[in-house]
Amino acid sequence: QIRWEESIIQFETQINNVVGDVFISAACVAYYGAFTAVYRQELVQGWTDRCLQLEIPVTLGMTLETVLADPFEIRQWNADGLPRDQVSVENAILVTRGRRWPLMIDPQEQANRWIRNRESKNGLKVIKLTDGHFLRTLENSIRIGMPVLME
């Protein structure tokens, strides 16, 4: 019974903070992409402080991972080749939750490997700008909703 009561308190807190947490998560998805881990933390801290100034309830120490991903999904990403560090997990959230096509600057080809493993079962087409069939493959894939990885 004590565990149930603790769970109820935790759920009530989460419900109370949902607006602020979702606001900060949406800001992260919109703006995180190009920034370092340190600057990302500064952004979240600034947004959290502003929410508190405006009396918008928000979870202190909120992370993008706790709001927009679940542990099972993250383990699956890791199994697909995603590194286990915080920035890689945040970047995966940006790729999977964002509505825009991502541009991934990937000198170590970690994102490339992750995308290939993740999307291979969905008929991933891998193309290069120098391919003779580049445009036709891109058009056909977009038309039928197939994933495309441009290298």
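Once the Cα atoms are used to define both axes, helix 37-53 deviates from the longest principal axis of the chain by about 40 degrees.
Where q = 0.13, 0.18 Å⁻¹, what log10 of I(q)/I(0) comes from the Debye formula for region 1-103, counting one point per Cα? Once normalised to I(0) and log-transformed, intensities are -0.53, -0.92. Each Cα pair under 8 Å and six or more residues apart adds its separation to the average, and for region 104-151 the resulting relative contact order is 41 percent. Sorting the segments 80-89, 37-46, 24-33 by their residues' average number of neighbouring beta-carbon atoms within 10 angstrom, most packed first, yields 24-33, 80-89, 37-46. For VAL148, the amide hydrogen comes within under 5 Å of the amide hydrogens of LYS125, counting only partners 5 or more places away or on other chains and with H modelled in the peptide plane. Take the Cα of LEU60, step 7 Å toward its Cβ, do the same at LYS125, and the gap between the two points is 5.2 nm. Compared with the dominant principal axis of the Cα atoms in the chain, helix 110-119 is inclined by about 80°.
Where only DSSP H runs of four or more residues are counted, the chain gives -20000 deg cm²/dmol as its mean residue ellipticity at 222 nm, each run worth -39500 (n - 2.57). Positive end of the dipole of the chain (Cβ unit charges, origin at the Cα centre): among ASN17, GLY145, ALA37, the Cα lying farthest that way belongs to GLY145. Charges were assigned to the Cβ only: +1 to each Lys and Arg, -1 to each Asp and Glu. The resulting dipole of the chain about its Cα centre is roughly 760 debye. Can you pull the Rg over Rh of region 104-151, Cα-only, Kirkwood? A ratio of 0.98.
Bear in mind that the values in this text are calculations on the coordinates, not laboratory data. Just so we're clear, the structure is a prediction, and the values are computed from it rather than from any experiment. Don't worry about glycine lacking a Cβ; one is built from the backbone with ideal geometry, like all the others, and counts go over all protein chains shown.
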